[in-house]
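Structure first, commentary second.
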Amino acid sequence: VISLCSMTLIDKMSIESLQKEMYLASGAADKNIILWNLNDENDTIALRGHDDAITCLMDALDGRNLVSGSADRKIIVWDVLKGKILTILPCNGSIYYLHFMKDASKFLSCDYSQAVNVWKIEYMRSEGSNIINKITLEKVILTKSRVISLNSGYANPNLVVGGCEDKIIRYF
């Protein structure tokens, strides 16, 4: 296991019965993602589609989608309730970090090509909630050193801070 991520899945079988289930997603070197139901140890969901190790996972915060990054240079957005790939985003290097912006309109990815990719998310309204409709690459920020971790500002959701391999913290 290389990466872990908790997420709450919302199963909307009907408007009247809204069920929330807590899961722990694990990504591993064997290219598989397993979602473990924390309330029922026999309930698991397997997601397969990457060609190399799963290096990072991120809850899309919508109760339905999971985002995975891999050494195969791809980001995959999963519709977990259907167990299917929603979209595949090709990247220039192995993905090792994913971060959602605080307002959930964008997410960032870091790869070994010393780039931070900014992905814009467009949502559509369905069954009373927002569902990811389209993701586009908004911009690529080239860095002098590989970015190891990212965080966005709470007071300013557009402020992004990155800790870099050369021991410098940078603002993007």
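Working carefully through the options Leu89, Leu98, Leu81, find the one that is touching a residue at least 40 places away in the same chain (Cβ under 8 Å) and outside any strand (DSSP E or B).
Working: Leu89 fails: outside any strand (DSSP E or B); Leu98 fails: outside any strand (DSSP E or B).
Of Leu89, Leu98, Leu81, the one residue that is touching a residue at least 40 places away in the same chain (Cβ under 8 Å) and outside any strand (DSSP E or B) is Leu81.
When you go through Glu122, Glu138 one by one, which is the residue that is of a type in the set (D, E, K, R), modelled with pLDDT of 90 or more, assigned to a strand (DSSP E or B) and open to solvent by 10 Å² or more (accessible area, probe 1.4 Å)?
Working: Glu122 fails: modelled with pLDDT of 90 or more.
Unique residue meeting the criteria: Glu138.
State the number of residues belonging to segment 81-106 that are open to solvent by 70 Å² or more (accessible area, probe 1.4 Å) and β-branched (Val, Ile, Thr).
Residues that pass the stated criteria total 2.
Sort through Leu4, Leu47 and tell me the only one that's farther than 30 Å from Lys144 by Cα, part of a strand (DSSP E or B) and in contact with a Gly (Cβ under 8 Å, 6 or more places away or on another chain).
Working: Leu4 fails: farther than 30 Å from Lys144 by Cα.
It is Leu47.
Can you go through Ile10, Ile76, Ile15 and tell me which one is part of a strand (DSSP E or B) and either at pLDDT below 90 or surrounded by fewer than 17 Cβ atoms within 10 Å (Cβ to Cβ) (or both)? Explain how you work it out, then say what you get.
Numbers: Ile76 fails: either at pLDDT below 90 or surrounded by fewer than 17 Cβ atoms within 10 Å (Cβ to Cβ) (or both); Ile15 fails: part of a strand (DSSP E or B).
None of the other options fit; the residue is Ile10.
The values are calculated or read from the model by the stated rules, or taken from the named source; none is laboratory data. On a predicted model such as this, the values are computed, not experimentally measured, just so you know. Cβ: placed from backbone, ideal geometry, glycine included. Neighbour counts: every protein chain shown. The accessibility values were calculated without ligands, DNA or RNA, using every heavy atom of the protein model including side chains. Shrake-Rupley method; radii C 1.70, N 1.55, O 1.52, S 1.80 Å.
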